Amino acid sequence: MIRVLLAAVAPWLTTDVAQATGDPRPLDTYGTGPWFGRNDMTIRNPAEWGVDQLRLAGAALGSAGRAVSETDAARRSAPPVVRRIELADLREVLARGVADFAACRTDVFFLCVIYPLIGLFLARLAFGYDMLPLLFPLASGFALIGPVAGLGLYELSRRREQGVRAGLPDAFSLVRNPSFGAIAALGLMLLAIYLAWLASALMIYNATLGPKPPESLLSFTESVLRTPAGWTMIAIGVGVGFLFAVFVFVISVVTFPLLLDRDVTLRTAIMTSLRAVVANPVPMAAWGVVVAGGLVLGSIPVLLGLIFVLPVLGHATWHLYRKVVVEPGSS
């Protein structure tokens, strides 16, 4: 039993050693793999392991700081090159997204089923706590944090593109990415934007149909669809939501895939996303319509369609990044 446990945890322990100390010894040196059971097998003591973990934590914090801040080397390095694409390229990236979904279907189902469940939970919360006016903003706001939901999908597509294993554990390997600090910072930024959208939606409701909460779902629906105040709320809400969505799209359309793929700063990644949109206004606008339309269609059957829509769009976004941002060393 002890040997089985050691064999299970040794890969993580030896990975920690290699990352923290730079020790390139193969796994067998630590007494695992085909050489398991060697007489010279050693087990690190807790103090040594703790020191290694502190080194790893320090390295992670340093990586996060380098990823978010702009160093002299980053300022001197050439920014990623952006190429122009055509509308026909969108069909290709969607086809590749479907192919990745078909290849990773079991894993992707596990990754994405949680998001419809979260949506159903938010719907129950709205019905139970007089938050009915925020039901639609809560659901539609998923588009603002959608890029975060696609991180594991980008990693699966990246690994499949490289011809290596692309399983569920690999989808979460992004925590070891050199740009993980920047990825986390951008995720928090999108969360703040999502909360700002909810606050704006509540202000719009209070200025039109509120501030008194609706008495029932039926009365709220009638007020929204059959009164001038409801029409005003719809018009202003759609307009403000559109501005939020465009802003998030511009700063994140290729930012997360770029951070996942290369060791760049957050500022460089966001500026690259902005340049990609400026260089390809029509294809990017069309891609935004595809994403919005897909999310709407996926949300209609009680959000369950997102189980299929989210993985396809997530995988396709990775291939859109490959189309738009030139790989180093290629023309």
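Brief remarks follow.
- Residue 235 being loosely packed, with under 13 Cβ neighbours inside 10 Å and either within 30 Å of residue 287 (Cβ to Cβ) or not assigned by TED's automatic domain parsing to the domain that holds residue 282 (or both): yes
- Subset of the range 245-265 that is among the aromatic types (Phe, Trp, Tyr) and crowded, with 20+ Cβ neighbours inside 10 Å - its residue that is farthest from residue 155 (Cα to Cα): 249
- Scanning the range 180-217 for residues that are in contact with a helix residue (DSSP H, G or I) (Cβ under 6 Å, 6 or more places away or on another chain), over 15 Å from residue 241 (Cβ atoms) and not hydrophobic (A, V, I, L, M, F, W, C) gives 181, 187, 214.
- Within the range 276-297, none of the residues are assigned to a helix (DSSP H, G or I), within 29 Å of residue 176 (Cα to Cα), in contact (Cβ under 8 Å) with a residue 40 or more places away in the chain and touching a Ser or Thr at 6+ places or on another chain (Cβ under 7 Å).
- Selection count, the range 223-264, where residues are closer than 20 Å to residue 184 by Cβ, touching a Phe, Trp or Tyr at 6+ places or on another chain (Cβ under 6 Å) and assigned to a helix (DSSP H, G or I): 2
The values are calculated or read from the model by the stated rules, or taken from the named source; none is laboratory data. This is a predicted model, so every value here is computed, not measured. Because the Cβ atoms are built from the backbone with ideal geometry, glycine has one as well, and the counts that use them run over all protein chains shown.
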